[in-house]
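Below: one structure, written as structure tokens.
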Amino acid sequence: MRIAVQKQFRKYLLAEAILLIVTLLAVSCKDEYLYDNNEPEWLGESIYDYLKSGENFKYYTRLVEEVEDFKEVLSKTGSKTLFVADDAAFEEFFRNNPWNVKRYEDLSLTQKKLIIKFSMIDNAYLIETLSNYYNGTLQEGTALRRSTSVSVIDTVPFESGDKLPKSSNWDWYRNKGLYLLKDATSWPMVHFLESSLKSAGISDDDFTLITGVTRTANDAHIFNIKVKERDITCKNGYIHVLEKVLLPPVNVAEYVKTNPNTRIFSDLLDRFCAPYYSSAQTNAYNQIHPGNPIDSIFEKIYFSSYQGQTRYPNGSQIRTELLLPFNPGRNTYVSTAAGSSMQSDMAAVFAPTDEAMTKYFESGSGVILKNRFGSWENTPDNIIIKLLKRHLRESFLETVPGRFAKLVDGNNSPIPIKPDDIVSSFVGLNGIVYNTNQVYPPDDYISVYAPVLLSEETKVFNWAVSQNEFDLYLNALKSTYSFFVPTDKYFSNYIDPVSYAKDVKGVMKYWYNTKTSTVNATVYRFDPITGTVGDSVNTITNADFIRRRLLDLLDTHVVVGNVESGAKYYFTKNGNILLVEGSGTGLKIQAGYDVKSGTKINVVPNGLYRQQNGTTYFIDKPLQTPLQSVYKVLSENPAFSEFFALLNGFPASKEIFVKKTNYYGIDFNIKFFNTFNYTVYVPTNEAILKAIDEGVIKNWEQINAIADNQQKTLEIEKLERFLRYHFQDNSLFIDGEAFHRLYQTATIKLNDEETQFKTYKDKYYRLGITSDGYNIKLDTENWGSANLIRTNGLYNILTRDYIFSSSPQSYREIDGTGAGSDFSNSSIVTSSTAVIHQIDNILRFE
């Protein structure tokens, strides 16, 4: 009891002393003061005096006396915190330690420096205040790390060539080695204290899994070493006694490299680092050691846009997709989590053991990698980086075992790690390494995207997926996709929709440029009448143009669902329609233009991949969506002429076919289409003429002859509402499927009169559609009906109304001739699709 009271009293004395010193600073330096050259006796011993006078700190005292000027530093008034080990701990250390030192005399000067400097913190901290830090405001109970007194150049090891990473970035030094710092930032210590553990929500079980040791309430640990005596108050700081000698650990990247059980994972990680010459560290070292200078000191830095390097040592840019989420070799790593600082958080790494990596590659889901590349060593960097990103975690606090169940990766995909997966762990300078008996592959390895990512034959689409971040969509494992992928060999003769509206029409051959690691497009003349492809006229390298065009292609090559379900027609991601027959490798696919031209696209040999979230089909031609609009079909087919004439006669303020700003397409677009899929029912010419003869509607000759403007306006509105009732939301087909459903049309109900389908006022009138799979009957709101006509073949006609960024005529021709901006500035903003059927009667709602 007496000892505790004395210790507490000494804490108060130290606080009073600090207050007194601050007060004295306000006194004129000319005033004489009793303690100018003397220290008050009540301050007690200095840190050095305390250690020197103690009977069980002889080893540590020798360190203080023999290393630099620490005897003087720790003898005077100052502000230090020291984590010391007693003689019994040193004796145990000499019996077993990673340095293989058997006695004190065997310690090198560098080793002595590391022991004393790593156990020292500038500023005085009680254990209970060690978890507080200041970053503009006081943050209480959240600190996990503190910078120590170790200097970066206290130890500059020479790394021989056989110890260097295997990647080509290090080949220049393979035969001669180099002086290499594993990092050039300070060496923090990690402390686990009651308040910080509680603040972080780290349970005792979590702590044990993280450190490998157990704790009880109010225990304090530096890394995994328990503080056995705390808060010894001296006149120039505090001493805390540890159960063991504290040696500086390495950072998480270096631990993975030196751990004999994680060599495979380490070799993969070290592909993404390089040696960078540090003039600052070279000069600093040589100033301190003028008699033994080093010509060049290098720093090992990992590739990352966050606290890492984005350029190779030669200055060339590193591709964005080859950057790690953070630099795992940075000692003072600051988490990317909001509000984080060096003190409050650190990194975490899931490092599968060599056994786990081998098992995954040989017999797990990683067999797809083995079959493609043969070994981990042969697996390309762009594939490996995805695995590494999944295992490098930006925040330790978000990765404590108690939160494993909620853990997701950067794409918000769950990481299925369990506490039982952890075989061992390590607390390093900048984070935690969990050595696991499992590999946590990215979704890219198991989704419909995987065959594209891993194939050498699909570089065009792989580039498109990467540039548009389309992998986030394809990797959604809770969805089911059918993904059609034209292989590079067949990625030619794709008719560009914008060029199709030009005088000089062209087809594109997209190809992967290995020199620039991008996709280019060679343009060829195209005759749509004969289908002849002519000579090349241009090569487009504008990456943004190609990215946007290929995004449209990606959207038209993905179906949500299984296209082998037995139906014939399927909608793509952007609402285009595919006609599918057959199954498996015998599948035949057609988009709208393919149907019109009679072209069937096939699955290439060995091009079928059943993945966790669907099926990927490698095909022998890009799917070509419709290049005909509703306007084009109706205007060119005589059987649709009367219906077209009614649609095409509206004045500018009421026009249905538009070709102007926000509506520019191949020709004219339907004004009320809105990035969706529709059905257009076209009555026969005879049915339209009969309705005109019976006075149900008026044609434009009759309307334009009306002298009364009010009456004329009413007739125009009546005709518009009549025609819009023939446009239905949702495309439907004759495809062998029997159904009965109600569909919404484009005409709004303006009154409260009862109708067959009991549609409310201000809602869109509906149609009742009944199909036996081969015939379609339409029932109307006024209890009328019509039937689809199959005998003339005018049904299931696929169209697409494009909207381009500007009029196609505002761009130069694809060969660069003509006026206007460059063709590569053109873009597809959106589109709507429609299927057209001819019916035997008009549709009415009144």
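The table below gives the values:
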quantity	calculated
Sequence-distant residues sharing a close amide H with T625 (under 5 Å, placed H)	Y593
Cross-link pairs K389/K568; K182/K244; K359/K478 - those with Cα-Cα distance over 31 Å	K389/K568
Length-normalised contact order of segment 152-255 in % [C-alpha pairs under 8 Å, at least 6 apart]	18 percent
Label point distance in nm, Y760-K660, each placed 7 Å from Cα along Cα→Cβ	3.4 nm
Whole-Å semi-axes of the ellipsoid equivalent to segment 348-439 (Cα gyration tensor, √5λ, descending)	24, 14, 13
Whole-angstrom gap from segment 124-184 to segment 344-423, using each part's C-alpha centre	24 Å
Trypsin sites (Lys or Arg not before Pro) within segment 113-215: DSSP coil, no more than 10 neighbouring Cβ in 10 Å	K176
Alpha-carbon centroids, segment 704-749 and segment 620-662: separation in whole Å	16 Å
For the chain: relative contact order, % (alpha-carbon pairs under 8 angstrom, 6 or more apart)	8 percent
Virtual spin-label span in nm between S375 and T310, 7 Å along Cα→Cβ	3.5 nm
Sparse-neighbour loop sites [GluC sites (Glu not before Pro); segment 347-427; at most 13 other C-beta within 10 Å; DSSP]	E377
With Cα atoms, 0 to 90° folded angle of helix 543-556 axis to the chain main axis	60 degrees
Charge tally in the Cβ shell below 13 Å around K660, where Lys, Arg are +1 and Asp, Glu are -1, K660 excluded	0
Cα shape, segment 162-299, gyration tensor, a/c 1.5 rule	oblate
Principal-axis tilt of helix 709-724 within the chain, Cα atoms, nearest 10 degrees	70 degrees
Estimated distance in nm for a label pair at S785 and N730, the labels positioned 7 Å out from Cα along Cα-to-Cβ	2.0 nm
Over segment 400-558 - Rg/Rh using Cα atoms and the Kirkwood inverse-distance radius	1.16
Rounded to 10°, Cα long-axis angle of helix 2-25 versus longest principal axis of the chain	80 degrees
Average projection area in nm² (convex hull over Cα atoms of segment 261-354, one quarter of hull surface)	8.5 nm²
Hydrodynamic radius (Kirkwood) for segment 547-642, which is based on Cα pairs only, to one decimal in Å	14.5 Å
Proximal charge balance of V633 [Cβ under 15 Å; K/R count +1, D/E count -1]	-1
Carbon plus sulfur fraction of accessible area for segment 158-229, probe 1.4 Å, in percent	49 percent
Total charge dipole magnitude, segment 366-507, about the Cα centre, Cβ charges on Lys, Arg, Asp, Glu only, Debye to nearest 20	200 debye
Karplus 3J(HN,Hα) series, Hz, for segment 389-402 with 6.51 cos²θ - 1.76 cosθ + 1.60 (x for Gly, Pro)	4, 5, 9, 9, 10, 5, 10, 5, 4, 7, 10, 6, x, x
For V829, residues with placed amide H under 5 Å, excluding near neighbours	I803, F804, S805
Gain upon complete extension [N699, T541; 0.36 nm per residue less C-alpha separation]	51.7 nm
Net charge, L474 excluded, C-beta distance under 9 Å - Lys, Arg +1, Asp, Glu -1	-3
Amide hydrogen neighbours beyond the local backbone of I697, cut-off 5 Å, H modeled	I692
Reported label for calculated Kirkwood radius over Cα pairs in Å given [x] 29.9; [y] 27.4; [z] 33.1	[z]
Given charges at Cβ of Lys, Arg, Asp, Glu: segment 491-567 dipole, positive-most of G531, S499, A567	S499
Sites matching trypsin sites (Lys or Arg not before Pro) across segment 452-501 that sit in DSSP coil, with at most 12 neighbouring C-beta atoms within 10 Å	K478
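The values are calculated or read from the model by the stated rules, or taken from the named source; none is laboratory data. Since we're looking at a predicted model, the values are computed, not measured. For neighbour counting, all protein chains shown are included, and Cβ atoms are generated from backbone atoms with ideal geometry for every residue, glycine included. Ligands, DNA and RNA are stripped out before the accessible areas are found, and what is left, the full protein with its side chains, is counted by its heavy atoms. Shrake-Rupley method; radii C 1.70, N 1.55, O 1.52, S 1.80 Å.
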